[in-house]
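The values are calculated or read from the model by the stated rules, or taken from the named source; none is laboratory data. All values reported here derive from a predicted model rather than from experimental measurement. Because the Cβ atoms are built from the backbone with ideal geometry, glycine has one as well, and the counts that use them run over all protein chains shown. Only protein heavy atoms, including side chains, enter the accessible area calculation; ligands, DNA and RNA are left aside. Shrake-Rupley method; radii C 1.70, N 1.55, O 1.52, S 1.80 Å.
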Amino acid sequence: PAQHELLVVGDRWENWIARHVPPRFTVRYERTIPANDLPERYAEMDALLIPSKREGGPVPALEALACGTPVISRPVGYVTDLIDALPFAGRIFTTPDEAVAALQTARRIKQGIRHRMEDVRAVLNEY
């Protein structure tokens, strides 16, 4: 039975998901999330996964952290700097296996963030 739910927002991730996400994950797809719904949706998530190989920011990392949600990402944009400054707030991965391992610890990471939101806000104010 599935133990984790993965919400995929956007498109073109089906092949990556099929190749790398274990069957214990239930996968749901949404094309977009309305901007007004983002804070609530981020707060509901155990983690934000950013599997992109190239990103400018990405802004969703800032949004997720502001809502107390961990970021699990490839080393793209400024995410590496964010996680260096807030090592309790997420993980950087380079392989799909590392991403899956980080996702499995997301709830524990999220509890740590919730207790240190003042530190998170201080770093996010720099962006």
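Worth a mention:
- Qualifying residue in region 119-127 (condition: in a helix (DSSP H, G or I) and among the polar types (S, T, N, Q)): no
- Taking the criterion of being within 19 Å of E5 (Cβ to Cβ), open to solvent by less than 30 Å² (accessible area, probe 1.4 Å) and not small (G, A, S), the residues of region 104-120 that qualify are I109, K110.
- Single unsatisfied condition, A85 versus (1) modelled with pLDDT of 95 or more; (2) open to solvent by less than 30 Å² (accessible area, probe 1.4 Å): (2)
- One residue stands out among those in region 47-80 that are over 8 Å from the mean Cα position of the chain (by Cα) and in contact (Cβ under 8 Å) with a residue 40 or more places away in the chain: the one that is surrounded by the most Cβ atoms within 10 Å (Cβ to Cβ), which is L65.
- Sole exception among (1) open to solvent by less than 60 Å² (accessible area, probe 1.4 Å); (2) free of Cβ contacts under 8 Å to residues at least 40 places away in the same chain; (3) over 17 Å from the mean Cα position of the chain (by Cα) for N36, by number: (1)
- In region 1-33, of all residues being free of Cβ contacts under 8 Å to residues at least 24 places away in the same chain, under 17 Å from V100 (Cα atoms) and basic (K, R), the one that is surrounded by the most Cβ atoms within 10 Å (Cβ to Cβ) corresponds to R24.
- Residues of region 8-25 satisfying the condition of being modelled with pLDDT under 85 and part of a strand (DSSP E or B): F25
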